[in-house]
Amino acid sequence: MRKFQPGALFKANGRRFIDSQALYNFTAAAHSVEHLPDGWRVTSAAGSCRCNRVEGRPELPQQRGALYEITPEAGASMKALRTAWVDAGLVQVHDAAEAWKPAAAACGSCGSACACGPCQQKHGHHHHGEDHA
């Protein structure tokens with residue numbers, strides 16, 4: 001049996017990510033790895049998934065190379081994919097929730113009375129510490 005330097009599989013905010021080492025391991029383990037315009041498609045006995053490159057995020061501990069978000073395809077189960085990859089020694093699972101979190105965005109349901117910072121700025125609600133009594 002071939003010994004692999006495990007890649008990293010990260011879980012953050014309900015999403016799954018792998019690093020370049022994991023993609024290399026999939027190829028070496030005879031998975032079908034197809035290049036796509038925006039990433040890769042990995043197909044194995046456990047199912048197939050898309051791996052789309054993630055830009056602009058801080059590097060995670062244990063990350064080797066680029067980072068890719070995983071999306072199961074054609075009825076594949078993320079749990080089945082993860083189990084097969086871990087059992088074969090292709091990846092190790094890491095919790096990335098504390099290492100980085102997605103950037104905060106505006107609430108999206110704003111109105112002029114919304115109290116979130118981005119909406120306050122968008123609607124011109126500037127607080128300058130003045131007392132308007």
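The values are calculated or read from the model by the stated rules, or taken from the named source; none is laboratory data. No experiment lies behind these values; they were computed from the predicted model shown. Reconstructed Cβ throughout: ideal geometry from the backbone, glycine too, with neighbour counts over all protein chains shown.
Checked across region 64-80, the condition of being over 12 Å from Asp19 (Cβ atoms), assigned to a strand (DSSP E or B) and of a type in the set (A, V, I, L, M) holds for no residue. May I ask you to verify whether Ala99 is more than 21 Å from Phe4 (Cα to Cα), exposed (fewer than 15 other Cβ atoms within 10 Å of the Cβ), modelled with pLDDT under 90 and among the hydrophobic types (A, V, I, L, M, F, W, C)? Spelling it out, it is not the case that Ala99 is more than 21 Å from Phe4 (Cα to Cα), exposed (fewer than 15 other Cβ atoms within 10 Å of the Cβ), modelled with pLDDT under 90 and among the hydrophobic types (A, V, I, L, M, F, W, C).
Quick test of your reading of the structure: Arg50 fulfils all but one of (1) over 17 Å from Val86 (Cα atoms); (2) in contact (Cβ under 8 Å) with a residue 40 or more places away in the chain; (3) in a strand (DSSP E or B). Name the failing condition by number. All conditions pass for Arg50, except number (2). For first residues located in region 66-79 and farther than 15 Å from Leu36 by Cβ, partners that are in a loop (DSSP other than H, G, I, E, B) and lie 6+ apart or on another chain with Cβ distances below 9 Å form the pairs Leu67/Glu55; Leu67/Arg57; Leu67/Glu59; Leu67/Leu60; Ala76/Ala46; Ser77/Ala46.
It is to be established whether one or more residues within region 2-10 are part of a loop (DSSP other than H, G, I, E, B), under 13 Å from Gln92 (Cβ atoms), more than 18 Å from the chain's Cα centre (by Cα) and not small (Gly, Ala, Ser). Scanning region 2-10, I find at least one residue that is part of a loop (DSSP other than H, G, I, E, B), under 13 Å from Gln92 (Cβ atoms), more than 18 Å from the chain's Cα centre (by Cα) and not small (Gly, Ala, Ser), so the answer is yes. In this structure, Ala30 does not satisfy being closer than 19 Å to Val93 by Cβ and small (Gly, Ala, Ser).
Only a single item in (1) surrounded by fewer than 19 Cβ atoms within 10 Å (Cβ to Cβ); (2) at pLDDT 95 or above; (3) of a type in the set (Val, Ile, Thr) is not met by Val54, and it is number (2).
Look at region 21-41: where a residue is modelled with pLDDT of 90 or more and a partner is part of a strand (DSSP E or B) and of a type in the set (Asp, Glu), sitting 6+ places away or on another chain with Cβ atoms under 7 Å, you get Trp40/Glu34; Arg41/Glu34.
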